[in-house]
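Structure record follows, encoded as structure tokens.
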Amino acid sequence: MERTIVIPLVKHERTSSRTLGVETAVRSVAGSFDLTPRESEILELLAVYGFTNREIAERCVISEKTVKIHISNMMKKAGTGSIRKLFSMIFISMNDGLTR
């Protein structure tokens, strides 16, 4: 049975058609690694909007330490020790979507 993860779209002044492609790729990666809705939200804030841990903590009303724990959990689920590798998975997913 396929699970659908719903990621709330972030209202931000930089939202454009270009960021929508990244958001779609983030959802794809989030679904592939069974990220929680909160992890998916944080991944979107990092990858799409470039928020710092502090900005994410303020936006999500959690501590910076909790943000770091979510990021660590995402990397474990993706089997990588680097947030850069996780971002590269998003961009690979975007490229795959463009070439299909």
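The values are calculated or read from the model by the stated rules, or taken from the named source; none is laboratory data. Owing to the predicted nature of the structure, the values given are computational and were not obtained by experimental measurement. Because the Cβ atoms are built from the backbone with ideal geometry, glycine has one as well, and the counts that use them run over all protein chains shown.
The set of residues from the range 73-92 being surrounded by 12 or more Cβ atoms within 10 Å (Cβ to Cβ) and out of contact with any helix residue (DSSP H, G or I) (no Cβ under 9 Å at 6 or more places or on another chain) comprises just one member, S88. Do you know which residues across the range 60-84 are outside any helix (DSSP H, G or I) and in contact with a Leu (Cβ under 9 Å, 6 or more places away or on another chain)? Of everything in the range 60-84, just one residue is outside any helix (DSSP H, G or I) and in contact with a Leu (Cβ under 9 Å, 6 or more places away or on another chain), namely T80.
For the range 35-61, a residue qualifies if it is without any contact (Cβ under 8 Å) to a residue 24 or more places away in the chain and of a type in the set (F, W, Y), and exactly one does: F51.
Anything in the range 53-72 that is surrounded by fewer than 16 Cβ atoms within 10 Å (Cβ to Cβ) and within 13 Å of the chain's Cα centre (by Cα)? List them, or say none. Within the range 53-72, just S72 meets the criteria.
Taking the range 30-42 as the search range and keeping residues that are of a type in the set (A, V, I, L, M, F, W, C) and part of a helix (DSSP H, G or I), which one is modelled with the lowest pLDDT? Applying the filter and picking the extreme gives A30. Does V22 count as β-branched (V, I, T), modelled with pLDDT under 90, under 12 Å from the mean Cα position of the chain (by Cα) and not in a loop (DSSP other than H, G, I, E, B)? Yes, satisfied. Within the range 62-78, the residues that satisfy the criterion of being of a type outside the set (A, V, I, L, M, F, W, C) and either free of Cβ contacts under 8 Å to residues at least 12 places away in the same chain or touching a strand residue (DSSP E or B) at 6+ places or on another chain (Cβ under 9 Å) (or both) are S63, E64, K65, T66, S72, K76. Among the β-branched types (V, I, T) and assigned to a helix (DSSP H, G or I) - does that describe any residue in the range 43-50? No.
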